[in-house]
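Participant: Take this structure, written in structure tokens, and hold onto it; I'll ask about it next.
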Amino acid sequence: MSDATLIRGARITGGDTADILVESGVITGVGASLTAAGARVIDADGLIALPGLVDLHTHLREPGYEASETILSGSRAAAAGGYTTVFAMPNTSPVADTAGVVEQELALGEAAGYVHVQPIGAVTVGQKGERLAELGAMASSRAQVRVFSDDGFCVFDPLIMRRALEYVKAFDGVVAQHAQDPRLTEGAQMNEGIVSAELGLTGWPAVAEESIIARDVLLAEHVGSRLHVCHLSTAGSVDLIRWAKKRGIAVTAEVTPHHLLLTEDLVRGYDARYKVNPPLRRDEDVQAVREGLADGTIDIVATDHAPHPAEAKTCEWQAAANGMVGLESALRVVHTSMVETGLLGWEDVARVMSTTPARIGRLADAGTPIEVGAAASFTLYDPVPARTFGTTDLRGKSVNSPYLGRELPGEVRWTFFRGRATVVDGAVVEVVA
Ligand SMILES: NC(=O)N[C@@H](CC(=O)O)C(=O)O
């Protein structure tokens, strides 16, 4: 029997309409009026075909915090959002700071089968910031780690940061920095500014992010290495990255969907779903990160999907954990914040949510355009008008989404990972067959 799938009439990356033929996990045809005897036919009229999304910043919580998420549940959430690759942050228990842990994560991702789970290695042992982890061993392991981060913590010691930047050059790796001066943010609960003063909450000042970015772009220039800045959130940070790129420094930067849409004003209700690190910022910052993403200063959108159990979120603000789930909503949030505003077209969305994150993470077989010969990893997105985002839209283990009850456009209708459907007509498949 044929394993072929014929997708009829999708708008390729939001542009011209064409059929897509998939056989044995590979795209074997893109064009008008394709035929394939015995193929399963999918009517994609009105749907936008995008290369499978690639998330450079996901927290999957396994090993160690499986009550919040597992590699399997997070993979399902990813597929629901149109993703075919997620880079898993190392703040697990044990921390992913050895070849053994990253290989275990890789294997669990393969067993789940929904997306490629690409482990990120910790920069320092136990993410404690004191001495370098086994970066070389993780790079040469079966997981072939190329991205290293202590995300959740800043690599604060400048000498350790310098050594990490120097070390990863040997295998074309990149250090993804969580830019947060820990001293300037001790006890911080939200963005520092007028709202924090009104609410009497300890502030997280923009300068705590900006001063680390300034230091690190200079270090990256000094040692001639690649630096990636995680979840950039302030107007000043955008200016610094713009300056660094103009100077020829090899820096890339990401923004999260929530920093493209939400502001600190939401904290006024003390609903801990809006508590996140870095915190939601001012409207001026949201405008600046949108412009930065539109003009290429910011390279990518990354979710910072951070699942937490109900008890860590349905409590008083000060006791609540930082973090929001984001895999299932990311494309819809980018649709409303960047496409509906005219700041990005769908080709740009494919670039910032698929092609460039794969390139930064040095994954050759992810983020590839929808063309003959490429792996059949893509998503079919229906740009339907806004409807209420609800718990049925969430497919992971945790429900700490800031969008519940909010109107968002669009719907992921189908996702294919290496030729196999992971989302079928809006529903995540139980088992990837
Ligand atoms: N982004 C978040 O708000 N939370 C992250 C870690 C972190 O960056 O603090 C998490 O792992 O929960």
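The values are calculated or read from the model by the stated rules, or taken from the named source; none is laboratory data. Treat the numbers as computed from the prediction; the structure is a model and nothing was measured. Because the Cβ atoms are built from the backbone with ideal geometry, glycine has one as well, and the counts that use them run over all protein chains shown.
Participant: Residues of the range 152-195 being touching a strand residue (DSSP E or B) at 6+ places or on another chain (Cβ under 9 Å), away from the ligand (no atom under 16 Å from the Cβ) and of a type outside the set (Val, Ile, Thr), which ones?
Facilitator: Passing the criteria: Asp157, Met161, Arg163, Ala164, Leu165, Tyr167, Gly173, Glu192, Gly193.
Participant: Now for a separate question. Only one of Leu53, Leu72 is within 15 Å of Tyr381 (Cβ to Cβ) and either touching a helix residue (DSSP H, G or I) at 6+ places or on another chain (Cβ under 7 Å) or of a type in the set (Lys, Arg) (or both); which?
Facilitator: Selected residue: Leu53, the only one of Leu53, Leu72 that is within 15 Å of Tyr381 (Cβ to Cβ) and either touching a helix residue (DSSP H, G or I) at 6+ places or on another chain (Cβ under 7 Å) or of a type in the set (Lys, Arg) (or both).
Participant: May I pose another question? Which helices (runs of 4 or more DSSP H) does the range 230-294 wholly contain that include 2 or more residues that are among the small types (Gly, Ala, Ser)?
Facilitator: Correct list: 235-246, 283-294.
Participant: Would you be able to tell me the number of residues in the range 340-383 that are in contact with a strand residue (DSSP E or B) (Cβ under 8 Å, 6 or more places away or on another chain), on the phi < 0 side of the Ramachandran plot and surrounded by 14 or more Cβ atoms within 10 Å (Cβ to Cβ)?
Facilitator: 27
Participant: Name the residues in the range 258-284 that are among the acidic types (Asp, Glu) and either buried (at least 23 other Cβ atoms within 10 Å of the Cβ) or within 19 Å of the chain's Cα centre (by Cα) (or both), would you?
Facilitator: Across the range 258-284, the qualifying residue is only Glu264.
Participant: Mind counting the residues in the range 202-211 that are touching a residue at least 24 places away in the same chain (Cβ under 8 Å) and assigned to a strand (DSSP E or B)?
Facilitator: Final tally of qualifying residues: 1.
Participant: Mind checking which pairs have a first residue in the range 391-419 that is under 19 Å from Thr379 (Cα atoms) and a second that is at pLDDT 95 or above and among the basic types (Lys, Arg), Cβ under 7 Å, 6 or more apart or different chains?
Facilitator: Arg395/Arg76; Gly396/Arg76; Leu408/Arg332; Pro409/Arg332; Gly410/Arg332
Participant: Looking only at the range 212-225, decide whether some residue is assigned to a strand (DSSP E or B) and crowded, with 21+ Cβ neighbours inside 10 Å.
Facilitator: The initial filter retains those residues of the range 212-225 that are assigned to a strand (DSSP E or B), namely none.
No, every residue in the range 212-225 fails to be assigned to a strand (DSSP E or B) and crowded, with 21+ Cβ neighbours inside 10 Å.
Participant: Filter the range 217-239 for residues that are of a type in the set (A, V, I, L, M) and more than 22 Å from the chain's Cα centre (by Cα); which is farthest from the ligand (Cβ to nearest atom)?
Facilitator: Here the answer is Val223.
Participant: Now, a different point. Output the residues belonging to the range 298-313 that are in a loop (DSSP other than H, G, I, E, B) and closer than 16 Å to Ser233 by Cα. Steps first, answer last, please.
Facilitator: Within the range 298-313, the first condition is being in a loop (DSSP other than H, G, I, E, B), and the residues that meet it are 298-299, 302-304, 306-309, 313.
Of everything in the range 298-313, those that are in a loop (DSSP other than H, G, I, E, B) and closer than 16 Å to Ser233 by Cα turn out to be Ile298, Asp299, Ala302, Thr303, Asp304.
Participant: Here is a follow-up. Tell me which residues, restricted to the range 144-185, are outside any helix (DSSP H, G or I), of a type outside the set (D, E, K, R) and farther than 27 Å from Asn322 by Cβ.
Facilitator: Selection gives Gln144 alone.
Participant: Same structure, new question: Can you find a residue in the range 98-110 that is within 18 Å of Ala306 (Cα to Cα) and touching a residue at least 12 places away in the same chain (Cβ under 8 Å)?
Facilitator: Among the residues of the range 98-110, at least one is within 18 Å of Ala306 (Cα to Cα) and touching a residue at least 12 places away in the same chain (Cβ under 8 Å), which makes the answer yes.
Participant: Scan Val102, Val147 and give me the residue that is within 16 Å of the ligand (Cβ to nearest atom), surrounded by 15 or more Cβ atoms within 10 Å (Cβ to Cβ) and of a type in the set (Val, Ile, Thr).
Facilitator: Of the residues listed, the single one that is within 16 Å of the ligand (Cβ to nearest atom), surrounded by 15 or more Cβ atoms within 10 Å (Cβ to Cβ) and of a type in the set (Val, Ile, Thr) is Val147.
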